[in-house]
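*Asks:* Below are the C-alpha cells for one structure; questions will follow.
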Amino acid sequence: MAGDTTTVAPSRWEGAPVPEPAEGGRKPRRSRLHRWDLRWSPYAFVAPFFLFFGVFGLFPLLYTGWASLHRVELTAPDEMEWVGLRNFSRLLGDEFFWNALTNTVTIGLLSTVPQLLIALGVAHLLNQRLRGSMFFRVAVLTPYATSVAAATLVFVLLFGRDHGMINWALGLAGLDAVDWQNGAWTSQLAVSTIVVWRWTGYNALIYLAAMQSIPHELYESAALDGASPHQQFLHVTIPSLRPTILFTCVVSTIGATQLFGEPLLFNGGAGATGGADHQFQTLGLYLYEQGWVNLHLGRASAIAWAMFLILLIIGAVNWLVARRLRRSS
Amino acid sequence: MSGVTPGRRAGWIGHAVLALFAAGSLFPLVWTAIAASRNTTRLAQTPPPFWFGGNLLRNLRIAWTDANMGTALFNTVLVAGTVAAGTVLFSTLAGFAFAKLRFRLKNLLLLLVIGTMMVPPQLGVVPLYMLIAELSWTDRLQSVVLPTLVSAFGVFFMRQYLLQALPTELVEAARVDGASSWRVVWHVVFPAARPAMAVLGMLTFVLAWNDFFWPIIALTQNGNPTVQVALTGLGRGYIPDQSVIMAGALLGTLPLLLAFVIFGKHIVGGIMTGAVKG
C-alpha cells in the first residue's frame with residue numbers, strides 16, 4: 001500500500017495557503033501547477049463519464065422527444081416531417097398499443113410476484129446453517145449468467161406443444177397437452193416462467209445479504225418473548241427487510257416494463273408480433289416492431305416516451321407506498 | 001459475506017427444498033447440453049431425451065461456422081472486456097471525485113448521475129440508431145461499445161464504496177507530500193478501490209455479455225454479431241436444426257458458466273455487497 005509511509009498529520013490542504021519555499025525558480029512554478037492540479041483534477045475525473053453520458057445518453061434521450069413529434073422513416077432518418085402530437089394521439093386510439101400495455105402489466109405481475117415471493121423463501125432457507133451453502137448460492141445464481149436469448153431458446157423447446165418436456169410431464173400426470181404458445185394466458189405464463197427462472201436466485205441473494213445484516217439480538221429477544229421461528233420470520237425478518245423488498249420491487253418493475261427479448265424469441269421465426277394474435281406482445285416489443293419492422297421511428301419514439309411515463313407513474317406510486325409504510329411503522 | 005452466523009440449523013426438509021430449487025435452476029442448462037448432443041429428429045420425439053447423445057461435437061462445429069458463433073464469441077469477449085474495463089476505470093475516477101473531492105456543481109452532477117439510473121434504455125434507442133446510421137457504424141463493434149462504456153450505477157457504486165473504504169487523511173497526506181492528482185489516484189485510490197473494482201468489473205462483464213436490446217438493433221447476424229445477436233438469428237429460423245440451435249445456446253453460455261464455476265464465490269459476494277450498499 002502506498003499510503004503506509006506517509007505519516008503526515010492531516011491538514012486542510014484544500015484552500016489552505018501553501019507555504020512558498022523561496023529556493024530558485026522551480027519550486028514556486030511547481031506549486032502553481034500543484035494548485036492548478038488541485039482545482040481542475042476533479043473535473044478531469046468526472047469528465048469521461050459526463051462526456052460519454054452526454055453523447056450517448058442525454059442527447060438521445062432529449063432527441064427522442066423531438067423525434068416523437070415528427071414523421072421519421074427508418075429508410076431515410078434524415079428526412080423529418082413535423083406532425084406535432086399526432087404520433088401520441090395515434091397511440092391513444094391504437095388497439096395494439098393498449099394490448100401491449102395490458103400484456104406488459106399481466107406478464108409483469110405474473111413474473112414479479114412469484115419471483116419475489118419464492119426469492120424470499122429461498123433466502124430464508126439459505127440464511128440457515130447449511131451443508132454446502134456456497135454450492136447452493138452459486139447454483140441459484142447460474143440462471144443469472146444465462147442470457148435472455150439462450151434461456152428463451154431452451155424454454156421454447158421445453159414448452160413445445162408436441163414434444164416439449166412440460167407437456168410430456170403433464171401427460172404423465174394424466175393431463176392434456178397445452179398449446180403454450182397460442183393461448184393468451186398460457187403464452188404469458190410461459191414467458192413469465194422464463195423471467196422467474198432467470199431472476200429468482202439473484203433476488204434471493206439480495207434478500208440473503210439483507211437478512212445477514214439484521215442484528216442477532218432482535219432474534220434473541222424475540223425468542224425470549226416466546227416467538228416461534230415462524231413468528232420470528234414474520235415479525236422480525238420481514239419488517240427489517242422492508243427497504244430491501246421495496247428496492248427489489250422497484251428494480252423488478254423497471255425490468256418488467258422493459259421486457260423484450262423473451263417475448264421476441266418465444267415467437268420463434270414469426271417476427272416481433274408477440275404471437276399470431278399479439279397475445280404476448282409487450283410494449284418493448286411493440287416499440288421494436290414499429291421502429292425496426294414497420295420502419296416508423298417517430299411512432300417508436302412516442303412509444304418510448306409512453307413507457308417512460310408509465311415508469312414515472314409506477315415510481316410515484318412506489319414512493320407513496322414507501323412513505324405510508326414508513327409512517328405506519 | 002461472513003455476516004452474523006444464523007442460529008438455526010436447516011433440517012432435512014430445508015436441504016431438500018433448496019436442492020429442488022437448485023436443480024430447477026440448473027436443469028434448463030443441463031438440458032441445453034443434452035439437446036445439443038442429440039439431433040433434430042430425436043428432439044421431435046416423445047418422451048424427450050434425458051441423457052447425452054453422440055452429436056455434440058458435430059453440432060458445435062456447425063453452430064461455430066454456419067451460425068457465425070465463432071465470430072460472435074470473439075466479438076463478445078472484445079466488447080464485454082472493453083466495456084467492463086472502461087466502466088471500471090471511469091466509474092472509479094468519477095466515484096473518487098464524488099466521494100472525496102470538493103468542486104463546483106458536485107451535488108447537482110451527482111443528482112444527475114442518480115437520475116440517469118432510472119431512465120430506461122429504450123428512451124434513447126431511436127436517436128442512437130440515427131446517430132450510428134449517420135456515422136455508418138451499423139455492424140461495427142464501436143456502435144455497441146461506446147454507448148455502454150460508462151455506467152451511472154458504476155459511478156454511484158464506486159462512490160458509496162470509496163466514501164467508507166478510503167480514509168480522507170490518506171489522500172490529504174499524499175497531497176501534502178506534493179503528489180499530483182494522478183499519483184494520488186494511482187498509488188492511493190486504486191489500491192483502496194481494488195475489491196470494489198473487481199466486483200464492478202465482473203458484474204459489468206456479465207451484463208455486457210448478455211446485453212440484448214441495443215445489439216440486435218445495431219448489429220446483424222450475417223455481418224458482425226455478438227453472441228446474443230447470433231443466438232437471436234438462430235432462434236428466428238436462421239438454421240432450422242433444433243440441436244444446432246441448442247449447441248449455439250451452449251456455446252454462448254459456456255464461457256460465463258465457466259467463469260461462475262471459477263469465480264462463483266466472488267460473484268456471489270459481489271452481488272451481496274452491492275445489495276447492501278444499494
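*Asks:* Anything in region B:131-159 that is more than 14 Å from B:Thr87 (Cβ to Cβ) and surrounded by fewer than 19 Cβ atoms within 10 Å (Cβ to Cβ)? List them, or say none.
*Replies:* B:Ala133, B:Glu134, B:Leu135, B:Ser136, B:Trp137, B:Thr138, B:Asp139, B:Arg140, B:Leu141, B:Gln142
*Asks:* Please state which one of B:Leu93, B:Leu109 is outside any loop (DSSP other than H, G, I, E, B), modelled with pLDDT of 90 or more, surrounded by fewer than 21 Cβ atoms within 10 Å (Cβ to Cβ) and at the interface with chain A (Cβ under 7 Å from one of its Cβ atoms).
*Replies:* Exactly one residue qualifies, and that residue is B:Leu109.
*Asks:* Moving to a separate point now. Can you run down the residue pairs with Cβ atoms below 7 Å, 6 or more apart or on separate chains, where the first is in region A:44-73 and among the basic types (Lys, Arg) and the partner is assigned to a helix (DSSP H, G or I)?
*Replies:* Short answer, once both residue conditions are applied: A:Arg71/A:Gly298.
*Asks:* Can you find, within region A:71-104, the residue that is nearest to B:Gly11 (Cα to Cα) among those that are exposed (fewer than 15 other Cβ atoms within 10 Å of the Cβ) and aliphatic (A, V, I, L, M)?
*Replies:* Here the residue is A:Leu92.
*Asks:* Somewhere in region B:132-146, is a residue small (Gly, Ala, Ser) and either more than 28 Å from B:Gln221 (Cβ to Cβ) or touching a His at 6+ places or on another chain (Cβ under 8 Å) (or both)?
*Replies:* No, region B:132-146 has no match at all.
*Asks:* Filtering region A:169-185 down to residues that are farther than 21 Å from B:Thr232 by Cβ and buried (at least 16 other Cβ atoms within 10 Å of the Cβ), which residue is nearest to the other protein chains (Cβ to nearest Cβ)?
*Replies:* A:Ala177
*Asks:* Collect the residues in region A:76-102 that are among the acidic types (Asp, Glu) and farther than 18 Å from B:Met130 by Cα, keeping them in residue-number order.
*Replies:* A:Asp94, A:Glu95
Conditions tested, residue by residue: (1) within 17 Å of A:Phe56 (Cβ to Cβ); (2) touching a residue at least 60 places away in the same chain (Cβ under 8 Å).
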residue	(1), (2)
B:Pro48	no, no
B:Phe52	no, no
B:Ile62	no, yes
B:Ala72	no, yes
B:Phe98	no, yes
B:Thr116	yes, no
B:Val119	yes, no
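*Asks:* Let me ask something else. B:Phe103 - would you say it is within 8 Å of another protein chain (Cβ to nearest Cβ), surrounded by 21 or more Cβ atoms within 10 Å (Cβ to Cβ) and not basic (Lys, Arg)?
*Replies:* no
*Asks:* If you don't mind, there's one more thing I want to ask. Conditions first: (1) in contact with a Ser or Thr (Cβ under 8 Å, 6 or more places away or on another chain); (2) buried (at least 18 other Cβ atoms within 10 Å of the Cβ); (3) closer than 21 Å to A:Leu109 by Cβ. A:Thr248 passes all but one, so which condition is the exception?
*Replies:* If we test A:Thr248 against (1) in contact with a Ser or Thr (Cβ under 8 Å, 6 or more places away or on another chain); (2) buried (at least 18 other Cβ atoms within 10 Å of the Cβ); (3) closer than 21 Å to A:Leu109 by Cβ, just (1) comes out false.
*Asks:* Take region B:193-235 and flag every residue that is in contact (Cβ under 8 Å) with a residue 24 or more places away in the chain, within 8 Å of chain A (Cβ to nearest Cβ), farther than 23 Å from B:Ala259 by Cα and buried (at least 21 other Cβ atoms within 10 Å of the Cβ).
*Replies:* B:Leu234
*Asks:* Suppose the filter is at pLDDT 85 or above and exposed (fewer than 12 other Cβ atoms within 10 Å of the Cβ); does A:Gly65 pass it?
*Replies:* no
*Asks:* Kindly provide the set of residues from region A:105-138 that are in contact (Cβ under 8 Å) with a residue 40 or more places away in the chain and among the polar types (S, T, N, Q), ordered by number.
*Replies:* Across region A:105-138, the qualifying residues are A:Thr106, A:Ser111, A:Thr112, A:Gln115, A:Asn127.
*Asks:* Quick check on my filter: what residues within region B:44-90 are facing chain A (nearest Cβ under 9 Å) and part of a helix (DSSP H, G or I)?
*Replies:* Selection gives B:Gly86, B:Leu89, B:Phe90.
*Asks:* Can you find even one residue in region A:213-221 that is modelled with pLDDT under 90 and of a type in the set (D, E, K, R)?
*Replies:* Checking region A:213-221: at least one residue is modelled with pLDDT under 90 and of a type in the set (D, E, K, R).
*Asks:* Continuing with the same structure: Name every residue in region B:242-268 that is more than 9 Å from chain A (Cβ to nearest Cβ) and surrounded by fewer than 19 Cβ atoms within 10 Å (Cβ to Cβ), in order of residue number.
*Replies:* B:Leu254, B:Pro255, B:Leu258, B:Ile262, B:Phe263, B:His266
*Asks:* Just give me the residues in region A:297-329 being among the aromatic types (Phe, Trp, Tyr) and loosely packed, with under 14 Cβ neighbours inside 10 Å, in sequence order.
*Replies:* The answer is A:Trp319, and nothing else.
*Asks:* Oh, and also: Could you run through region B:134-166 and say how many residues are touching a residue at least 12 places away in the same chain (Cβ under 8 Å), farther than 25 Å from B:Thr71 by Cα and more than 8 Å from chain A (Cβ to nearest Cβ)?
*Replies:* 13
*Asks:* Also, quick follow-up: Tally time: how many residues in region A:287-329 are touching a Leu at 6+ places or on another chain (Cβ under 9 Å) and among the hydroxyl-bearing types (Ser, Thr, Tyr)?
*Replies:* Total meeting the criteria: 2.
*Asks:* Kindly establish whether A:Gly84 is more than 13 Å from chain B (Cβ to nearest Cβ) and more than 18 Å from the chain's Cα centre (by Cα).
*Replies:* Taking the combined requirement at face value, the residue satisfies it.
*Asks:* When the residues of region A:295-329 are narrowed to those that are touching a residue at least 24 places away in the same chain (Cβ under 8 Å) and hydroxyl-bearing (Ser, Thr, Tyr), which ends up nearest to A:Thr64 (Cα to Cα)?
*Replies:* A:Ser301
*Asks:* Can you pull out the residues in region A:74-89 that are in contact (Cβ under 8 Å) with a residue 24 or more places away in the chain, of a type outside the set (A, V, I, L, M) and either in contact with a Lys or Arg (Cβ under 6 Å, 6 or more places away or on another chain) or outside any helix (DSSP H, G or I) (or both)?
*Replies:* Correct list: A:Thr75, A:Pro77, A:Asn87.
*Asks:* Moving to a separate point now. Considering only residues that are within 7 Å of another protein chain (Cβ to nearest Cβ), assigned to a helix (DSSP H, G or I) and touching a Phe, Trp or Tyr at 6+ places or on another chain (Cβ under 8 Å), look in region A:139-150 and name the one that is nearest to B:Ala247 (Cα to Cα).
*Replies:* Ranking the candidates gives A:Ala149 first.
*Asks:* Looking only at region B:8-42, filter to residues that are facing chain A (nearest Cβ under 7 Å) and at pLDDT below 90; which one of those is surrounded by the fewest Cβ atoms within 10 Å (Cβ to Cβ)?
*Replies:* B:Arg9
*Asks:* Within region A:85-117, which residues are under 21 Å from A:Gly274 (Cα atoms) and of a type in the set (Val, Ile, Thr)?
*Replies:* A:Thr102, A:Thr104, A:Val105, A:Thr106, A:Ile107, A:Thr112
The values are calculated or read from the model by the stated rules, or taken from the named source; none is laboratory data. What you see is a predicted model; the values in this text were computed from it and never measured. Note that each Cβ is placed from the backbone with ideal geometry, even for glycine, and that neighbours are counted across all protein chains shown.
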